[in-house]
């Protein structure tokens, strides 16, 4: 059974300043997943500098796309909407991967038809598409201890005690992407609203 092509979006902020920070887990997942597959892809600014897109011809009969928005997190919806329109895709073909303060580090959860939950990147996509019918893979980063503002916390690197768990999360998220891509529509529906713990 053939499924429609997917647009797999990893959320993050562009630039070396933000590499490997908590808010860039979406970018990190895509990089780790492609590396573990042994796949070298070409990222192109397509259809504009707002977006880095890679074609993923790994499934028989279709070519999925990976996207790293280059708009900075809070305007991610501009990039996602542009790419969906350019490639004539619908929101139902989206899988968006992002960090989540409300889940403990080491927890992965799928959600569909849900609110942004305070995540500005997710909310930007909802606003740009005027719908939330797409699937999200939420990766827990835990909330900061003490009085550290969340907006500062998400832009910091994982501490040494978190890094080993983070690597396992990246691998688990990559395995989820592969499973989701291989599954026919009925199976994809079964993968919604599931929780996975490392």
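The values are calculated or read from the model by the stated rules, or taken from the named source; none is laboratory data. Given the structure is predicted, the values throughout are model-derived calculations rather than measurements. Quick reminder, even Gly has a Cβ in these numbers, built from the backbone with ideal geometry, and neighbours come from all protein chains shown.
Would it be correct to say that residue 187 is over 15 Å from residue 20 (Cα atoms) and either in a helix (DSSP H, G or I) or modelled with pLDDT of 90 or more (or both)?
On the way: over 15 Å from residue 20 (Cα atoms): yes; either in a helix (DSSP H, G or I) or modelled with pLDDT of 90 or more (or both): yes.
Answer is yes for this residue.
Matching residues to (1) surrounded by fewer than 21 Cβ atoms within 10 Å (Cβ to Cβ); (2) free of Cβ contacts under 8 Å to residues at least 40 places away in the same chain; (3) in contact with a strand residue (DSSP E or B) (Cβ under 7 Å, 6 or more places away or on another chain); (4) over 23 Å from residue 171 (Cα atoms):
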| residue | (1), (2), (3), (4) |
| --- | --- |
| 11 | no, no, yes, no |
| 14 | yes, no, no, no |
| 20 | yes, no, yes, no |
| 23 | no, no, yes, no |
| 27 | no, no, yes, no |
| 36 | yes, no, no, no |
| 61 | yes, no, no, yes |
| 83 | no, no, yes, yes |
| 99 | no, no, yes, no |
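Quick one: count up the residues across segment 119-171 that are in a loop (DSSP other than H, G, I, E, B), surrounded by 17 or more Cβ atoms within 10 Å (Cβ to Cβ) and touching a helix residue (DSSP H, G or I) at 6+ places or on another chain (Cβ under 6 Å).
Of the residues in that region, 5 qualify.
Run down 57, 104 and say which single residue is over 24 Å from residue 162 (Cβ atoms), out of contact with any helix residue (DSSP H, G or I) (no Cβ under 7 Å at 6 or more places or on another chain) and surrounded by fewer than 15 Cβ atoms within 10 Å (Cβ to Cβ).
Numbers: 104 fails: over 24 Å from residue 162 (Cβ atoms).
Testing whether each residue is over 24 Å from residue 162 (Cβ atoms), out of contact with any helix residue (DSSP H, G or I) (no Cβ under 7 Å at 6 or more places or on another chain) and surrounded by fewer than 15 Cβ atoms within 10 Å (Cβ to Cβ) leaves just 57.
Answer yes or no: is there a residue in segment 14-30 that is under 16 Å from residue 141 (Cα atoms) and assigned to a loop (DSSP other than H, G, I, E, B).
In the first step, residues of segment 14-30 are kept if they are under 16 Å from residue 141 (Cα atoms); the result is 18-29.
Narrowing further to those that are assigned to a loop (DSSP other than H, G, I, E, B): 19-20.
Scanning segment 14-30 turns up at least one residue that is under 16 Å from residue 141 (Cα atoms) and assigned to a loop (DSSP other than H, G, I, E, B).
Looking at segment 41-54, which of the residues that are in a loop (DSSP other than H, G, I, E, B) and surrounded by 17 or more Cβ atoms within 10 Å (Cβ to Cβ) is farthest from the chain's Cα centre (by Cα)?
Filtering segment 41-54 down to residues in a loop (DSSP other than H, G, I, E, B) leaves 41-43, 45-50.
Retained after the next criterion (residues that are surrounded by 17 or more Cβ atoms within 10 Å (Cβ to Cβ)): 46, 50.
Values: 46: 18, 50: 16 Å.
Of everything passing the filter in segment 41-54, 46 is farthest from the chain's Cα centre (by Cα).
Please tell me if residue 5 is assigned to a loop (DSSP other than H, G, I, E, B) and either at pLDDT below 95 or over 13 Å from the mean Cα position of the chain (by Cα) (or both). So that I can check it myself, show each step before the final result.
Numbers: assigned to a loop (DSSP other than H, G, I, E, B): yes; either at pLDDT below 95 or over 13 Å from the mean Cα position of the chain (by Cα) (or both): yes.
In short, yes.
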